[in-house]
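**Student:** Below is the structure I would like to discuss, written out as structure tokens.
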Amino acid sequence: MLLVENISKTFFPGTINEKRALQGLSLHLKPGDFATVIGGNGAGKSTMLNSIAGVFPVDEGRVLIDGEDITKKPEHKRAKYIGRVFQDPMLGTAAGMMIEENLALASRRGETPGLGWSLSRDQHEHFYELLKELDLGLEKRMTAKVGLLSGGQRQALTLLMATLKKPKLLLLDEHTAALDPKTAAKVLALTEKIVTRDNLTTLMITHNMRDALRYGNRLIMLHNGRVIIDVQGEEKQHLEIPDLLAMFEKASGSEMASDRLLLG
Amino acid sequence: MIDLLIPTVAQGLLWAVMALGVYVTFRVLDIADLTVEGSFPLGAATAASLMVAGYGPLTALFIAFLAGTLSGVVTGLLHTKMKIPALLAGILTMIALYSVNLRVMGKANLSLLGVDTSFKIARSMLGLNMAQTTLIVGLVVTIIVGAFMYWFFGTQIGAAIRATGFNQQMIRAQGVDTDVTIILGLLISNGLVAVSGALVAQSNGFSDVGMGTGTIVIGLASVIIGEVLFGTRSFKNCLVSVVLGSIVYRIVIAVVLAMGMPPNDLKLFTSVLVALALSMPLIKAKLGIRKVVR
């Protein structure tokens with residue numbers, strides 16, 4: 001499904017701020033893989049996701065989705081294959097537009113917009129049912145501007161938008177990090193429900209080791225811009241935090257220093 | 001008083017088309033586009049030159065619209081493809097258009113004396129006086145432009161342009177090329193501004209290379225006055241507010257002139273007005289009054 005081959009990305013090359021964010025990272029996701037991604041600050045988690053989404057070009061390597069090389073495609077052309085939810089709840093929606101207008105835009109992800117009405121009547125019914133499933137009462141506020149919603153509601157809506165038109169790949173960039181623990185748990189449960197229901201190939205960055213162990217069928221750890229741990233299936237189901245720490249020390253040759261990764 | 005009111009409202013309607021154009025960039029796209037200072041006289045120069053050369057006023061209006069859209073595309077390309085900040089891109093186009101406008105007219109001022117403008121033709125058809133005719137023509141054009149905008153920004157492309165103004169990251173993630181939506185927005189905006197310039201030139205009976213000075217400030221004044229006085233509940237509401245804002249602005253100007261303010265101070269007055277209106281949210285917050293404008 002997703003094939004990342006040996007990608008590298010250096011920010012501010014040749015300056016004092018030079019940052020080698022990705023150093024020959026490779027990754028292969030099978031259809032239906034739900035992989036959680038962990039790693040310390042600066043390990044390259046977000047850079048990897050943004051490279052796949054096409055936010056910036058990579059320096060080396062290739063990105064393929066379903067066998068199609070998308071390495072040279074700009075961000076908006078990759079959107080056809082990829083649904084995304086960002087860490088910042090403000091980034092996933094247009095605040096000044098109504099809930100149903102946002103959903104209408106998402107329902108045409110990857111299509112060239114035309115001169116037909118953006119919002120049609122039969123869509124309204126469809127959106128109503130989908131919002132009802134979220135169980136946040138949003139179905140009663142479909143004409144409310146998204147800017148009036150709470151962070152958690154916005155993330156739930158963004159998740160719905162990202163999966164409204166089934167993506168080949170779902171990218172979740174710490175999408176619950178900005179929420180309070182209770183809301184985060186709710187959004188995560190919703191994420192699992194949607195990903196399982198639609199059998200979506202998913203990459204989910206999280207800073208929380210417990211969440212990384214609890215969700216998905218696969219766990220990937222990045223360190224210095226490379227994948228250093230990749231466990232899946234049976235092995236992942238039985239993994240505990242101490243095992244993970246031991247694996248990290250063995251793989252990286254250094255001790256896990258990030259408290260945030262442990263406790264967060 | 002009523003003698004003064006009709007021509008004032010009529011002028012307000014002709015300029016409302018420009019204000020609607022400014023609304024597209026300033027509010028929908030969230031860009032302060034200075035191209036309008038050049039596209040307004042560009043519309044006037046194009047229409048006036050064509051009419052002097054014997055073309056009909058409607059043809060002149062249409063070509064003026066096309067010329068305006070072209071200037072918007074130039075600013076759009078400078079901004080999106082060359083990564084020049086929007087404000088600077090607009091200034092560059094505006095300055096370039098000064099020379100273009102002189103070339104279009106061949107001189108700094110072109111009189112339409114003895115030329116059949118749309119207003120003169122409409123007057124003989126309607127059998128009304130000039131002020132009433134201007135009012136009716138202005139009303140018809142404003143309604144057409146308003147209806148077009150209401151339709152267009154409800155379409156898929158229009159919704160994508162509006163989303164671009166709110167959140168470029170989000171709409172790119174939906175697969176829309178924001179370079180295209182920004183260029184389209186600037187295109188429509190400056191097309192409308194040029195139409196307004198062409199109408200004002202026909203109404204005044206001349207086109208002048210300097211007539212664009214202050215266009216952006218008048219546009220902003222109309223948008224902000226309209227929003228404050230008449231609300232922003234829905235897109236339709238916003239469009240009506242901008243048109244009414246343009247009329248109120250003209251009335252305010254007429255009143256202060258009638259009260260004896262020297263016409264030379266007009267631009268100073270307008271700037272102060274807009275500066276005050278723009279700082280309203282802060283002033284209100286400081287005074288603890290609840291926010292009315294979005």
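The values are calculated or read from the model by the stated rules, or taken from the named source; none is laboratory data. Source: prediction; values computed, not measured. No Cβ is skipped: glycine too gets one built from the backbone with ideal geometry, and neighbour counts run over all protein chains shown. Protein only, heavy atoms only, side chains kept; ligands, DNA and RNA dropped before computing areas. Shrake-Rupley method; radii C 1.70, N 1.55, O 1.52, S 1.80 Å.
**Student:** State, as an integer percentage, the relative contact order of chain B based on alpha-carbon contacts under 8 Å between residues 6 or more apart.
**Tutor:** Reported relative contact order: 34 percent.
**Student:** Of A:Met204, A:Gly92, A:Ile241, which is farthest on the positive side of the dipole of segment A:90-241, counting Cα position, with +1 on Lys and Arg Cβ, -1 on Asp and Glu Cβ, and the Cα centre as origin?
**Tutor:** Going by the Cα projections, it comes out as A:Gly92.
**Student:** Shielding of A:95-108 by partners, i.e. mean partner chain Cβ atoms within 10 Å per residue?
**Tutor:** Mean shielding count: 4.
**Student:** Which residue, chosen from B:Leu20, B:Gly43, B:Leu92, occupies the Cα position most advanced towards the positive end of the dipole of segment B:1-112, where the dipole is computed from +1 (Lys, Arg) and -1 (Asp, Glu) charges on Cβ about the Cα centre?
**Tutor:** B:Leu92
**Student:** Take B:Met170, B:Met259, A:Met98 and sort them by solvent-accessible surface of the protein heavy atoms, 1.4 Å probe, largest at the top.
**Tutor:** B:Met259, A:Met98, B:Met170
**Student:** Provide A:His175, A:His238 ordered by accessible surface of protein heavy atoms (probe 1.4 Å), highest first.
**Tutor:** Sorted by accessible area, descending: A:His238, A:His175.
**Student:** When DSSP beta bridges are limited to those with both residues in chain A, what percentage is antiparallel, rounded to the nearest 5?
**Tutor:** Details: 22 of 38 bridges.
Around 60 percent antiparallel, to the nearest 5.
**Student:** Other chains' Cβ within 10 Å of A:77-85 residues: what's the mean?
**Tutor:** Details: counts 3, 3, 7, 2, 1, 2, 2, 5, 1.
Across A:77-85, the average partner-chain Cβ count within 10 Å equals 3.
**Student:** For each pair in A:Lys77/B:Lys83; A:Lys19/A:Lys168; A:Lys193/A:Lys250, compute the distance between the two Cα atoms and list the pairs where it is over 23 Å.
**Tutor:** Working: A:Lys77/B:Lys83 20 Å; A:Lys19/A:Lys168 31 Å; A:Lys193/A:Lys250 34 Å.
The pairs that break the limit, which is 23 Å between Cα atoms, are A:Lys19/A:Lys168; A:Lys193/A:Lys250.
**Student:** Let me ask something additional. Anything losing 50 Å² or more of accessible area from the isolated chain to the full protein assembly: pick those residues out of segment B:168-185, probe 1.4 Å, ligands and DNA/RNA ignored.
**Tutor:** The answer is B:Gln169, B:Met170, B:Arg172, B:Ala173, B:Gln174, B:Gly175 - residues whose exposure falls by at least 50 Å² when every protein chain is included.
**Student:** Summing Lys, Arg as +1 and Asp, Glu as -1, what charge do residues with Cβ under 11 Å from the Cβ of B:Ile182 carry, B:Ile182 excluded?
**Tutor:** Net charge in that neighbourhood comes out at -3.
**Student:** Using modelled amide H (1.01 Å from N, peptide plane; none on Pro or chain starts), what sits under 5 Å from the amide H of B:Thr155, excluding residues fewer than 5 places away?
**Tutor:** Close amide H contacts, sequence-distant or interchain: A:Ser118.
**Student:** Provide B:Arg172, B:Arg162 ordered by accessible surface of protein heavy atoms (probe 1.4 Å), highest first.
**Tutor:** From most exposed to least exposed: B:Arg172, B:Arg162.
**Student:** Calculated from DSSP H runs of 4 or more alone, at -39500 (n - 2.57) each and per residue, what is the 222 nm mean residue ellipticity of chain A, nearest 500?
**Tutor:** -10500 deg cm²/dmol
**Student:** Can I ask one more? Find how many whole Å separate the alpha carbon centroid of segment A:92-117 from the alpha carbon centroid of segment A:141-173.
**Tutor:** About 12 Å separates the Cα centre of segment A:141-173 from the one of segment A:92-117.
**Student:** About the Cα centre of chain A, what is the dipole size in debye to 20, counting +1 per Lys and Arg Cβ and -1 per Asp and Glu Cβ, all else neutral?
**Tutor:** The dipole magnitude comes to about 540 debye.
**Student:** For the protein assembly as shown, take every pair of Cα atoms, bin their distances at 20 Å starting from 0, and report each bin as a whole percent.
**Tutor:** Histogramming the protein assembly as shown at 20 Å steps yields 19, 43, 27, 10, 1 percent.
**Student:** Once you sort the root eigenvalues of the Cα gyration tensor of segment A:53-208 as a ≥ b ≥ c, which label holds: rounded (a/c under 1.5), prolate (a/b larger than b/c) or oblate (the other case)?
**Tutor:** oblate
**Student:** Run the 1.4 Å probe and let me know the accessible area of A:Glu18, rounded to the nearest 10 Å².
**Tutor:** 90 Å²
**Student:** Rounded to the nearest 10 Å², what accessible area does A:Ser46 have for a 1.4 Å probe in the complete protein model?
**Tutor:** We get 40 Å² for A:Ser46.
**Student:** Rounded to the nearest 500 deg cm²/dmol, what is the calculated helix-only ellipticity per residue at 222 nm for chain B, with -39500 (n - 2.57) per DSSP H run of length n ≥ 4? Intermediate values should be presented prior to the final figure.
**Tutor:** Details: 13 runs with 220 residues, N = 294.
Calculated at 222 nm, the ellipticity per residue is -25000 deg cm²/dmol.
**Student:** Let me ask another. In debye, nearest 20, what is the charge dipole magnitude of segment B:156-254 about its Cα centre with +1 on Lys and Arg Cβ and -1 on Asp and Glu Cβ, if you could check?
**Tutor:** Working: 5 positive and 4 negative charges, 60 e Å.
Charge dipole of segment B:156-254: 280 debye, to the nearest 20.
**Student:** Still on this structure, I have one more. Compute, for segment B:2-209, the length of the dipole vector about the Cα centre, with Cβ point charges of +1 (Lys, Arg) and -1 (Asp, Glu) only. Units Debye, rounded to 20.
**Tutor:** Numbers: 9 positive and 8 negative charges, 38 e Å.
It comes to approximately 180 debye.
**Student:** Continuing with the same structure: Tell me: how much accessible area in total is hidden between A and B, 1.4 Å probe, Å², nearest 100?
**Tutor:** 2300 Å²
**Student:** How much solvent-accessible surface does A:Ile229 expose, in Å² to the nearest 10, with a 1.4 Å probe and all protein chains in place?
**Tutor:** Spelled out: A:Ile229, probe radius 1.4 Å, area about 10 Å².
**Student:** In chain A, which whole DSSP H runs stretch at least 24 Å along their own axis (Cα) and average -1.0 or higher on the Kyte-Doolittle scale?
**Tutor:** Numbers: long enough: A:181-198 (25 Å, -0.06).
Helices passing the filter in chain A: A:181-198.
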